[in-house]
């Protein structure tokens, strides 16, 4: 049960909480592939199938653990590996990544997001807290947020308590005064609770809570569950 009286700041996950991420990534990869057709055709031919892209990404994850929490670095070096394997100029990795990264920020916000951010930002300091590489300025949402904490910049990802504590510090409050909002039951909900925060589960697909008994309701629960950010705003009114 949400303790509304304790909430003095809100941290928000980004991907799949404020916008659906996979349609965005798929669109960005298609634009990148079209760019490669023009500038690195051998690489484009080699990466024409999802299986080929998956193999390159899996290789990078296995051989570059230092990039595990750096989505931009992982993507850039995956492109560089593909160029090298295909015999194209690996220096093209930089402009190719920029093509992808620009498209990665052309997100389609869920319809409830802008009204909710306007409501929440008038009442609480907001901080974004993400394991991804979205830039609030490039997405066009920076005006609503006091700041941003990312796994790449901070050095550890959710659900590590330290990254949640960094978000609370940026908001200017103690962790117990933060309500964290996110879609992932482990990274966001259990992670926030493990850091001493309250957690609101953005359950847009009406999934069953997976941490508990057969009915999913015998284990730890989020303090709040909602299908739309408008419900979150109602709960905080």
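Values for this structure:
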{"read-out": "Condition met for residue 110 (assigned to a helix (DSSP H, G or I) and under 15 Å from residue 139 (Cα atoms))", "value": "no"}
{"read-out": "Residue satisfying all of: in segment 1-15; touching a residue at least 24 places away in the same chain (Cβ under 8 Å) and surrounded by fewer than 19 Cβ atoms within 10 Å (Cβ to Cβ); nearest to residue 118 (Cα to Cα) among these", "value": "8"}
{"read-out": "Checklist (1) part of a helix (DSSP H, G or I); (2) buried (at least 16 other Cβ atoms within 10 Å of the Cβ) applied to residue 132, failing item", "value": "(1)"}
{"read-out": "Subset of segment 16-60 that is in a loop (DSSP other than H, G, I, E, B) and touching a helix residue (DSSP H, G or I) at 6+ places or on another chain (Cβ under 6 Å) - its residue that is nearest to residue 132 (Cα to Cα)", "value": "18"}
{"read-out": "Candidates 115, 161, filtered to the one that is outside the structural domain of residue 51 (by TED's automatic domain parsing), under 20 Å from residue 192 (Cβ atoms) and surrounded by fewer than 18 Cβ atoms within 10 Å (Cβ to Cβ)", "value": "161"}
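A quick yes/no check of all residues on (1) touching a residue at least 24 places away in the same chain (Cβ under 8 Å); (2) under 15 Å from residue 47 (Cβ atoms); (3) in a helix (DSSP H, G or I):
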site	(1), (2), (3)
62	no, no, yes
69	yes, no, no
72	yes, no, yes
88	yes, yes, no
94	no, no, yes
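Matching residues to (1) under 16 Å from residue 11 (Cβ atoms); (2) touching a residue at least 60 places away in the same chain (Cβ under 8 Å); (3) assigned to a loop (DSSP other than H, G, I, E, B):
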| position | (1), (2), (3) |
| --- | --- |
| 137 | no, no, no |
| 163 | yes, no, no |
| 192 | yes, yes, no |
| 212 | no, no, yes |
| 222 | yes, no, yes |
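The values are calculated or read from the model by the stated rules, or taken from the named source; none is laboratory data. The structure presented is a predicted model; accordingly, all values stated were derived computationally and were not measured. Positions of Cβ are generated from backbone atoms using ideal geometry, with glycine treated the same way; all protein chains shown enter the neighbour counts.
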